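Let me begin by presenting the structure, written as structure tokens, before commenting on it.
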Amino acid sequence: MYFPTAGGLPAPIRAIDGLDLATQVCGQPVGTVATAVADLQAAYQAAVAAAGASGNPNFVGNTLALSMPANRLAAIAPDYRTPRSYQMHLGLQREMWGSGVLAFDYVRNVSQRFGLIVDTNRVGDGNYLYKDSNGVPTAALNAITNTIQQKAPSCLPAGGVPISAGALSQAAISCYISTVPSANINDFAANGLDSGVAFLGGMPATVGVQVAAGEDPRNFGAAFPGINALVGQGEFQSSIGQSVYNGLQVSLKHNIAKEFFVFRGGNLQFSYTLSKFVTDGGDNPTQSTVAHDFRDAARYKGPSPLDRRHQITANWTLESRWGARLAFIGRFASAAPLLPSMLAFSGNPQATPGEIFRTDFNGDGTPGDLFPIRNPGPFESVSSGTLATDIANYNSTVAGALTPAGQALVTANLFTRAQLATLRGTTPYIVVPPARQFSNESFRSLDAAISWPLKLGERLSIEPSARFFNVFNIANFHPLSGQLAYFYPGPGQPAAAGAGSANGTPSGAARDVLRISSGSGVYNYGSPRQMEFGVKIQF
């Protein structure tokens, strides 16, 4: 941990009372380290008092960046508007016979102005390769120079001549590729040839880079710092999210008032729902989602993860002649949508080094784009069979191409296309799904219950009961991860994608990682068969 100092730079603290914080204090039973914790608190308080008053280092006026959305809620955009929803409900009921009622219901809900997080400075956008007042891509050149200086200094131009765009940079990079084993675009990204998010955590060079007096820090910052290199990320919650739900439900309700077999009555209800739920990411009023495209946040609209096109519910209750009550409920829901993407394995593609050269297909600074490459507008989910075809087409027509960020480097004569391909700075190949790739499955379950109300006198009644969830022990599964594994040709490639992914889960034992389990509570919806026994007493 770090303590504040009067000089402004925090002082690292690695031990207290002779105990190493990482191994002998953290993670240890409280009773054994209570004295050390108290001494650490006292030392921190003394350090704060000695350092004196100081500003908030996380204040946006100091960081010049808004890049850490808290609880998925970013700063509020200046044109923020209150979210709103419009709902229409049309219903028709008809008594068909005796006590049977047939009902038709249509519901349409349109939600608007829900929060979508957008970086208004578009840090990492391929259109904004930083160039100084003379039009020289200084940040990129310094990143290239520093990388070669670290790993292959003999590849630098002779006589101390600085690298410039064109023949000098390309010759030095060719030498680097032939000299350094497994040379990779990430080598250059680690020195600034990248998005400002991956290189400086979203901060601008004016804050994140220390330079000598008189030097412009932008020349040593990220090569793709966004629209304005003097500031960093500007992630704002914009009121542009929208979702539309349409649902049509047909239901039949019937009360049975006469005796039959060993039963003296009961009721039956059956319903079928046909629905569609599409969104551009703004489908939750309690949180905000990062937009698919910072250039046009509402550009893509597709199925919500909650979209289940077909749903059927049937339940019936039967009263026996002896007082016992039987109840059953069966549920069916069609498969959840599969929405593949090129999301990086880190889970945060914007902060993954070099990712703007691999999976930022539209060049807006947000790698990990949707797959297959989408045209603007509405899109549908894909099936496992369709996905295999899409991947094969992608591998033969798109893989190995330049992203807009990569094209910017070639246009500036910093790299050649062949050099970027060798450095794995082009769009990757995607692992083809295995034979019999597992697809998202429908949800199915049947629950049953039996209870027996017993009246003891006028003031006391007892009702023992037994409930059986998922009576037939039907296996239900979580949706596949849409994160597609990708690779570059070479020894040992392509490696298999991980179990649970959309292109690495063959039917059989591998799919069990997705099976719904009991969870941490009493019961998890769709889990293996469980039983519950109870007694209700009223007095």
**Item:** In sequence order, calculated HN-Hα J values of segment 467-478 (Karplus, 6.51, -1.76, 1.60; Hz; x Gly/Pro)
**Value:** 10, 10, 9, 6, 3, 8, 6, 6, 6, 10, 10, 5
**Request:** Show the residues, 5+ positions off or on another chain, whose built amide H is closer than 5 Å to the amide H of Thr366.
**Result:** Phe294
**Expected 222 nm ellipticity per residue - DSSP helices of 4 or more, -39500 (n - 2.57), all of the chain, to 500** = -5000 deg cm²/dmol
**Item:** Inter-label distance for Ala158 and Gln112, nm, one decimal - labels placed 7 Å from Cα along Cα-to-Cβ
**Value:** 7.0
**Amide H within-cut-off set for Ala222, under 5 Å, with H built and near neighbours excluded** = Ala205
**Request:** State, as an integer percentage, the relative contact order of segment 395-440 based on alpha-carbon contacts under 8 Å between residues 6 or more apart.
**Result:** 49
**Item:** With Cα atoms, 0 to 90° folded angle of helix 138-151 axis to the chain main axis
**Value:** 80
**Item:** (i) 3, 16, 24, 22, 15, 9, 6, 4, 1, 0; (ii) 3, 13, 18, 20, 18, 13, 8, 4, 2, 0, 0; (iii) 4, 18, 29, 27, 16, 4, 1, 0, with the label sought being that of the calculated P(r) over Cα pairs in 10 Å bins from 0, in percent
**Value:** (ii)
**Rel. contact order, % - alpha carbon contacts under 8 angstrom, at least six apart, segment 2-51** = 45
**Per-pair calculated FRET efficiency, R0 = 22 Å: Tyr525 and Ser251 via Cβ, rounded to 0.05** = 0.55
**Fill in**
Cα-Cα pairs in segment 16-76 separated by more than 16 Å, as a whole percent of all pairs, come to 64
**Message:** To make sure I understand, if each residue's beta carbon is the centre and we count other beta carbons within 10 Å, what order do Arg424, Arg436, Arg309 fall in, fewest to most?
**Reply:** Arg436, Arg309, Arg424
**Message:** With angles folded into 0 to 90 degrees, how steeply does helix 384-397 sit against the dominant principal axis of the chain? Use alpha carbons for both and round to 10.
**Reply:** 20
**Asked** For Gly234, which sequence-distant residues (separation of 5 or more, or a different chain) have an amide H within less than 5 Å of its own amide H, given hydrogens modelled in the peptide plane?
**Response** Leu66, Thr120, Asn121, Arg122, Val123
**Complete:** In whole Hz, the Karplus estimates of ³J(HN,Hα) for segment 219-228 (6.51, -1.76, 1.60; θ = phi - 60°; x where Gly or Pro) are 6, 10, x, 6, 5, 10, x, x, 4, 10
**Item:** Between segment 239-280 and segment 468-539, the alpha-carbon center distance in angstrom
**Value:** 27
**Prompt:** Taking other Cβ within 10 Å of each residue's Cβ, how do Tyr488, Tyr128, Tyr2 sort, fewest first?
**Reply:** Tyr2, Tyr488, Tyr128
**Item:** Cα long-axis angle, helix 30-51 against the chain (0 to 90 degrees, to the nearest 10)
**Value:** 50
**Request:** Would you please classify the overall shape of segment 1-154 from the alpha carbon gyration tensor, given that a ≥ b ≥ c denote the square roots of the eigenvalues, rounded means a/c under 1.5, and beyond that prolate means a/b larger than b/c while oblate covers the rest?
**Result:** oblate
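Since every read-out is calculated from the coordinates, none of them should be taken as a lab result. Predicted, not measured: the structure shown is a model, and the values here were computed from it. Cβ: placed from backbone, ideal geometry, glycine included. Neighbour counts: every protein chain shown.
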